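J.: Pasting a structure here, questions to come.
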Amino acid sequence: MQDEQRGHHAASAVRRNSGRPATPALAASRVRRRWYANVDGQNYGPFESHDIERMVQDGRILDTDYLWEEGGSSWTEARNEAAFRAMFQSRMPSLPQSETLNLGKIIPDKDTEHWGIIPEQEAASEQDDLTRDLREFFGPRAETYLAIHARMRSGTNAFAGGWNWPVFFIGFPWFFYRKMYVIGAIVLIAPALAAYLIGFTGNAGISAVLATLANRIYISIAMRRLKKADTLALVGEERRDYLRRAGGVSVVAGTLAGLVLAASFASIIFAEYLKYQKSH
């Protein structure tokens, strides 16, 4: 059971990765034509020619995706690959990628060396795993950040990260409370430096920028932690424990940071009071 869980999370890590096509370092074989496909920046294969033909017919490989034949020198756009060019020319225009994804995803077939097509519910299961992991990481008020993450994923709202009022009013203690200690230390110094150099206006401007970016930063850190858990092949309670320790909140750190903030305000007020006393 542990091995199956590790395999599931390793497969999830592969499906969440993306990037430019990278030629697989495998030995060439000319006994039969074997192909690899690059769809949405992810490499899949090997396939035989009839597998590629079926996926082209089903719309799972688009004309703008890439194909690479074992032993070949480089990736080629599917519509430019001589073996399949006629199929794309005879097909209707490709569906938008958002619609094509609903047909299912290409993932490794556990029982063979090939990759197979699975139905949409498997993709939904992967999304459930992601949501469950993020909920473990976020801890208190997890639903708020899950909703922000969903808006960010949709890519339809330029301000999906939202506005963070605690960051605007108190600044760095929120980052310490959410265990982002390095960022909290930077945020501690930046407003003070801005206030010294350009006065209160600069300080308020930095606070506004931080309030706009804070949720995006937090969710980006959460996703990096999930990827690290995948890299470490953590599963089950071991995975949940790692995410809880890496995320969640620290009341102690937040309280100490709040006391530092209060002491800073007190020192500013006291300094202004001394100036007033000297001038009178």
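The values are calculated or read from the model by the stated rules, or taken from the named source; none is laboratory data. Bear in mind that the values here come from a model prediction, so they are computed numbers and not experimental data. Here the Cβ is made from the backbone with ideal geometry for all residues, glycine too, and neighbour counts use every protein chain on show.
J.: Tell me which residues, restricted to region 130-183, are hydroxyl-bearing (Ser, Thr, Tyr) and at pLDDT 90 or above.
T.: The answer is THR131, THR144, TYR145, TYR177, TYR181.
J.: Pull up region 243-254, narrow it to residues that are small (Gly, Ala, Ser) and within 15 Å of LEU134 (Cα to Cα), then point me to the one that is surrounded by the most Cβ atoms within 10 Å (Cβ to Cβ).
T.: It comes out as GLY247.
J.: Something else: Can you tell me which residue in region 184-227 is surrounded by the most Cβ atoms within 10 Å (Cβ to Cβ), limited to those that are modelled with pLDDT of 90 or more and among the hydroxyl-bearing types (Ser, Thr, Tyr)?
T.: TYR218
J.: Which of the residues spanning region 228-242 are among the aliphatic types (A, V, I, L, M), over 15 Å from the mean Cα position of the chain (by Cα) and surrounded by 14 or more Cβ atoms within 10 Å (Cβ to Cβ)?
T.: Correct list: ALA233, LEU234, VAL235.
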